[in-house]
1. Name every residue in segment 216-237 that is out of contact with any Leu (no Cβ under 9 Å at 6 or more places or on another chain), within 18 Å of Gly150 (Cα to Cα) and not in a loop (DSSP other than H, G, I, E, B), in order of residue number.
2. How many of the residues in segment 260-283 are in a helix (DSSP H, G or I) and among the small types (Gly, Ala, Ser)?
3. Of the residues Gly218, Gly177, Gly128, Gly193, which single one is touching a helix residue (DSSP H, G or I) at 6+ places or on another chain (Cβ under 6 Å) and surrounded by fewer than 21 Cβ atoms within 10 Å (Cβ to Cβ)?
4. Examine segment 343-350 for a residue that is within 27 Å of Pro223 (Cβ to Cβ), in a helix (DSSP H, G or I) and under 20 Å from the mean Cα position of the chain (by Cα), and state whether such a residue exists.
5. Please pick out the residue among Met28, Met16 that is among the aliphatic types (A, V, I, L, M), out of contact with any Pro (no Cβ under 6 Å at 6 or more places or on another chain) and in contact (Cβ under 8 Å) with a residue 40 or more places away in the chain.
6. Inspect all residues belonging to segment 226-236 and state whether any of them is buried (at least 21 other Cβ atoms within 10 Å of the Cβ) and charged (D, E, K, R).
7. Determine which single condition Met28 fails, assuming it passes every other condition in (1) assigned to a loop (DSSP other than H, G, I, E, B); (2) modelled with pLDDT of 95 or more.
8. Please count how many residues of segment 108-125 are in contact with a helix residue (DSSP H, G or I) (Cβ under 7 Å, 6 or more places away or on another chain) and more than 27 Å from Arg281 (Cα to Cα).
Amino acid sequence: MDFLYEKVMRPWFFRMDSERAHEVGVTMMSTLGRISPLCRAMEAWHRLPANRFKPVKAFGLEFPNTVGLAAGFDKHATAWPGAAAMGFGHVEIGTVTALAQPGNPQPRVFRFPESEAVINRMGFNNHGAEAVAARLAKQAPRGKRRIPLGVNIGKSKATALDAAVDDYLRSFELLAGYADYLVLNVSSPNTPGLRELQDAKRLRELLGAVAAANAARGADRRPLLLKIAPDLNYRQIDEVLGVIDEFGFDGIIATNTTLARPGPFAAVDEAGGLSGAPLRRHSTEVINYISRATLGKLPIIGVGGITDAASAGEKLDAGATLVQLYTGMIYRGPFFAAVLAKGMADRHRK
């Protein structure tokens, strides 16, 4: 299957515009998700043997393997029902905003095959929280899903920074009932001003408000995670961790895409967040710092530069409980998650 993708499918995808190839990939996963017998058969084929491997437990949920699909692929909640069939142990949709928005002007996604990297400036293009909630209401409900579903929410571009809290709360209210866990994205570089929400004062206001809304759900509260940028310095990370602890958030996702332009990317004149192999080392360093700073008590989902079992394994070794990928799938194929999950499974043998 890897050979087929490398020699046939990837050249076909790479002849397309990057965003068009993404749309085709989403359509293919969406179609797969509607063919239930095929989904169940493929899921069974990729499932780790229950008599040899135990599920991964984190923030009150159980994951059949360590590998998840990161936010950014399924922005509209149309494709995720097919994710388990492709070997993923969880999937995160979004980023979803309170208001529907088209995102930034095209072109806005650029591949760099020689570096196994992508630069994107999508800008949270999505159908809006109300439409996504209506779609989720028609899909498999909590408790009957094959794998956990995370919902990643962010600030609408049209919403002023001072009104960001209400914007996030609107998305939370619409989507919390459908999520197995929720992620507050304050780290995309493609929405003006968004990363300012990582500053301690603004972050405290945001996390405090969402935590209070979550607590008001009583026994029906959802695990809450925060997704941070790789471009924070260690002092800023300490401040973020302090706010997470203050409001009892359940975990952290490290990291989003970077504005840095290391090595050959110094000469690349494209705005947006860089993902893929060039982010591998630094995202792992951030994971390791967070793990040490929290004495390993804060669950971490590690993201950034996962292209093989070694790069995924080093994130687990650095302190991550789970990993997510997206760019790696572009270069390694639709069943990369299944291959990776089997490679990581020995770490969780019974």
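1. Kept after step one, since they are out of contact with any Leu (no Cβ under 9 Å at 6 or more places or on another chain), are these residues of segment 216-237: 216-221, 228, 232-237.
With within 18 Å of Gly150 (Cα to Cα) added as a condition, the list becomes 217, 220-221, 228.
Within segment 216-237, Asp220, Ile228 qualify.
2. Taking segment 260-283 and keeping what is in a helix (DSSP H, G or I), we get 263-267, 277-283.
In the following step, the residues that additionally are among the small types (Gly, Ala, Ser) were identified as 263, 266-267, 277, 283.
Counting residues in segment 260-283 that are in a helix (DSSP H, G or I) and among the small types (Gly, Ala, Ser) gives 5.
3. On the way: Gly218 fails: touching a helix residue (DSSP H, G or I) at 6+ places or on another chain (Cβ under 6 Å); Gly177 fails: touching a helix residue (DSSP H, G or I) at 6+ places or on another chain (Cβ under 6 Å); Gly128 fails: touching a helix residue (DSSP H, G or I) at 6+ places or on another chain (Cβ under 6 Å).
Answer to the check: Gly193.
4. Taking segment 343-350 as the starting set, the residues that turn out to be within 27 Å of Pro223 (Cβ to Cβ) are 343-350.
Those left that are additionally in a helix (DSSP H, G or I): 343-348.
Pick out the ones that are also under 20 Å from the mean Cα position of the chain (by Cα) and you get 344.
Looking through segment 343-350, at least one residue is within 27 Å of Pro223 (Cβ to Cβ), in a helix (DSSP H, G or I) and under 20 Å from the mean Cα position of the chain (by Cα).
5. Working: Met16 fails: in contact (Cβ under 8 Å) with a residue 40 or more places away in the chain.
That would be Met28, the only listed residue that is among the aliphatic types (A, V, I, L, M), out of contact with any Pro (no Cβ under 6 Å at 6 or more places or on another chain) and in contact (Cβ under 8 Å) with a residue 40 or more places away in the chain.
6. Initially, segment 226-236 is screened for residues buried (at least 21 other Cβ atoms within 10 Å of the Cβ), giving 226-230.
Among the residues that remain, those that are also charged (D, E, K, R) are: 227.
Within segment 226-236 (the criterion being buried (at least 21 other Cβ atoms within 10 Å of the Cβ) and charged (D, E, K, R)), the answer is yes, since at least one residue qualifies.
7. Only one criterion in (1) assigned to a loop (DSSP other than H, G, I, E, B); (2) modelled with pLDDT of 95 or more is unmet by Met28, namely (1).
8. Looking only at that region, the number is 0.
The values are calculated or read from the model by the stated rules, or taken from the named source; none is laboratory data. Not measured: the values here are computed from a predicted model. Using ideal geometry, Cβ is built from the backbone for each residue, glycine included, and neighbour counts are taken over all protein chains shown.
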